[in-house]
Structure formats: structure tokens, C-alpha cells
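Okay, structure first, notes after.
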Amino acid sequence: MAAGDQFLLFPSENLGMGGVSIALEDRFLDPFVNPAKGARLQGAHLFASPAFSGVSGDNGAARTLPLGALFGGPSWFGGVALALQQLEAARFGSGPIILREFGFSQDLLSDRSSTNMYAFGMIGRKLPGSRFSVAGSLFWADLDAIAGVELLYALSQEVEQLGHMLDSRVGLHGEWSGGRSLEAVLVFNDFDVTHSVTYLDWMWPLGTPQTRLERNFDRSRTWGLDLGYVHPLPRTGWQVGGILTVNRKTHPKIPNYEIVNIPRDPGHSWAEAEAPVQTLSGRTIPAGGKTVDNDFRFSNGLLRIGVRREEDPVGLQLGLQMRAMNYRLEQENHVEESRREQEEGWVEWTPTWGVSVKFPEFQVRYAGQLTTGTGRPGVAS
């Protein structure tokens, strides 16, 4: 599902170049990805990076204002940032109108707009007598809404969201003569959001509908380790780089969305019977036995290219991203005693552009991007 640019919070030097990031330094964004790269900072830097995004078809929008400061000294470095965000929900169906007609809801402002707040902090030190630096960072999000979630509950009249996200990182970064660099980042991410979903149940004979409130919990925890290396090619002006990432994810709670209610992670997963279930042939599956077996294979690719030309004091950027998605499911239903295979694939194209103007005391940068692809899923009204 296209999530828009809700978490596009921090400044980036390479966003207009397609967001290239592996073998090309991004002075502005790198400290937020690996806090140890803040060692490259010299002096104090203040920034504001307003971001505006929207999804076509009146399917949601976001307006964000981050403010922050980064500093770097002979031994210590760090930074702080705060961001306030207005998130507009997709305008679909006539659910809130129905609620209002029957007197269940009077103030619909909260249905259309939510406020999210974000905070970031990092601190690090250059290791004495070494080419390495070490740093840690914390990113906290107070969430009233996640873009697009309201579209996942078909026929709902109202979806209220409340929760938080915590992202903590410890980074290591080292640089040697000739431009070689090595980095490592240990990440822990905790995501916890509650969805309070209101439905209308129509009783026979038709009359005043009854409201029904359903609470779903979306909880995920991720441990991750990133290892990266950049190596310049002698006498060519080129450099190559690579990143190895390993994640372990757990999902204590996954929402039972109307639009899809099967596990959504690659690998092997299954469903268990809460009570004894009789199969199509008359066999009984005991409580705790497998009712459905799912085997997922995800094969995704991302290609980024970009160019930049700078003539003091003006710089121009152009870039392109291509993201190819492919999901394959092999499912065995032990209750219906059937098997099925399903494969889905699509491509998203994102052209990017940017311009910068430098002054002696400050610089102004603008970057834009447009993503075309599958959009967001539709729901019946």
C-alpha cells in the first residue's frame, strides 16, 4: 500500500537525485540514519525542512514542519530535532455522514485531520587515538494516525488511532585515508498503535442502526543490524559501496483488517484453531491444530540513479527511482482441504528533482518527487 511521505521528516542532500545513498555521502541525512556519521559535522547547523505530500484521488495528505540543530566539535557531536505534523485522512464513502444523520457523531473534524508529533536526539564521541566514532540516537513518534489505515477497514464508519513508535540506534563509523569507510548500526524499533473501529449494524426490520466498536492492536518489534563499506577506486574518481542488513521481527498483535486478514511477512506462517474444527471430509482438527498453512516469498528490487551539477551559488539535481515488487503465496487450507497459489507484482516509478541556492551564512534547498504505481486499495462504500 502506498503510504505517502508521512515519515519524510529530515533534510536530505540527495533526495533530488533519486535518494541515492549507498556509495554517496549525504551530509544532512546520514546522521539520522547512522548517528556515528555525525562526526563529520563541523560547527553548529540549524535547519527547518517543511514537507508537503498528498495522494491523488483525495486519498490523504500530510504537512510536516521539522526544526532542529546539529553540532560537531573536536571530540563530541550531537543534535536534536522536533517535528509537528498534520495528517489528513482519505475522503471515501459516506460513513461519517451516516453516523451524523442518526445522531452518533456531531464533531467530524477529528475524522479528517490528526496531529502527530516527533522528537529526535543523538549524542556521540570521536574515539581518542582512533579513526572511529561511536554514537547513539533516540527517535520518538507520538501517533494519532498512520496514513492509509482507514482504507483497510471496509464498511467502517470511523477509525480512531492512537499509539507511538520508538526507534533507538547505536552506530559505529570509521574513515581511513583515500576515502575508505566502514560503518555498523544496531537498531531496535518498537511500534504500538491501537485502532478503535466503529461499525453500524442494521437490524431487521430496518430501523435505527446499532453502533459496534472493535479494537485492533498493531504491535511490532524489530531488531536490526546494518554493516556498510565504501571503497574508492584509485585514479578513477569512482567509488563502490555495499550494505548488509539483517532484521528479526516479531508481531505480538496484528490487526484483523477487513481488506486482508492473513499474516503479512515473508516466510512460513500458519493459523491455529481456537476450538475443534471439522474438515470438508469429516476429519476433526483439534484446538491448537493448524487450519491454514501459508508460505510467502517476497522478491523486491530498488534502483536509484541521479545527477547533480553545482555552479556557485546554484545547484541542480535530477533523479529517478524504480521499485519492483513481487509477492508469491502458496497456501494450504486444512479445513477446506484445498491448495492455492497467488502471485502479485507491480512497479512504482518516482522521478525526483531539486535545486539549491547557497549564501555565505545559509543555504536554501528544494526537492520534489512524484510516485506513480498502484496507489491505495479501494473499499466498498
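The values are calculated or read from the model by the stated rules, or taken from the named source; none is laboratory data. Quantities reported herein were computed from a predicted structural model and do not represent experimental measurements. Here Cβ is always computed from backbone atoms with ideal geometry, including for glycine, and neighbour counts include all displayed protein chains.
Here are some notes:
- A residue that is in the same structural domain as Pro232 (by TED's automatic domain parsing), under 24 Å from Gly224 (Cβ atoms) and acidic (Asp, Glu) occurs somewhere in the range 28-46.
- Of the residues Ser114, Ser94, Ser168, the single one that is modelled with pLDDT under 95, of a type outside the set (Val, Ile, Thr) and in contact with a Ser or Thr (Cβ under 9 Å, 6 or more places away or on another chain) is Ser94.
- Just so you know, in the range 166-181 the residues that are of a type in the set (S, T, N, Q) and in a strand (DSSP E or B) include one that is farthest from Leu41 (Cα to Cα), and it is Ser168.
- Here the strands (runs of 3 or more DSSP E) wholly within the range 234-342 that include at least 2 residues being small (Gly, Ala, Ser), assigned by TED's automatic domain parsing to the domain that holds Glu25 and modelled with pLDDT of 85 or more are 239-253.
- Across the range 302-328, the number of residues qualifying as more than 16 Å from Ala367 (Cα to Cα), in contact (Cβ under 8 Å) with a residue 40 or more places away in the chain and not charged (D, E, K, R) comes to 1.
Matching residues to (1) closer than 16 Å to Gly121 by Cβ; (2) in contact with a Gly (Cβ under 7 Å, 6 or more places away or on another chain):
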{"site": "Phe10", "(1), (2)": "yes, no"}
{"site": "Asn14", "(1), (2)": "no, yes"}
{"site": "Leu24", "(1), (2)": "no, no"}
{"site": "Val33", "(1), (2)": "yes, no"}
{"site": "Ser53", "(1), (2)": "no, yes"}
{"site": "Asp58", "(1), (2)": "no, no"}
{"site": "Arg63", "(1), (2)": "no, no"}
{"site": "Pro66", "(1), (2)": "yes, no"}
{"site": "Gln85", "(1), (2)": "no, no"}
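- Residues that are surrounded by fewer than 14 Cβ atoms within 10 Å (Cβ to Cβ) and in a helix (DSSP H, G or I) do not occur anywhere in the range 141-151.
- Residue check for Thr371: surrounded by 15 or more Cβ atoms within 10 Å (Cβ to Cβ) and among the polar types (S, T, N, Q): yes
- Any chance Leu87 is at pLDDT 55 or above, in the same structural domain as Asp144 (by TED's automatic domain parsing) and more than 18 Å from Phe32 (Cβ to Cβ): yes
- Trp204 assigned by TED's automatic domain parsing to the domain that holds Phe77, outside any strand (DSSP E or B) and among the aromatic types (Phe, Trp, Tyr): yes
- Applying the set (1) surrounded by 11 or more Cβ atoms within 10 Å (Cβ to Cβ); (2) more than 30 Å from Val355 (Cβ to Cβ) to Gly288 leaves exactly one unmet item: (1).
- Taking the criterion of being closer than 11 Å to Thr222 by Cα and not β-branched (Val, Ile, Thr), the residues of the range 237-257 that qualify are Asn247, Arg248, Lys249, His251.
- The range 164-212 - residue that is more than 30 Å from Trp238 (Cα to Cα) and among the hydroxyl-bearing types (Ser, Thr, Tyr) and, of those, surrounded by the fewest Cβ atoms within 10 Å (Cβ to Cβ): Thr208
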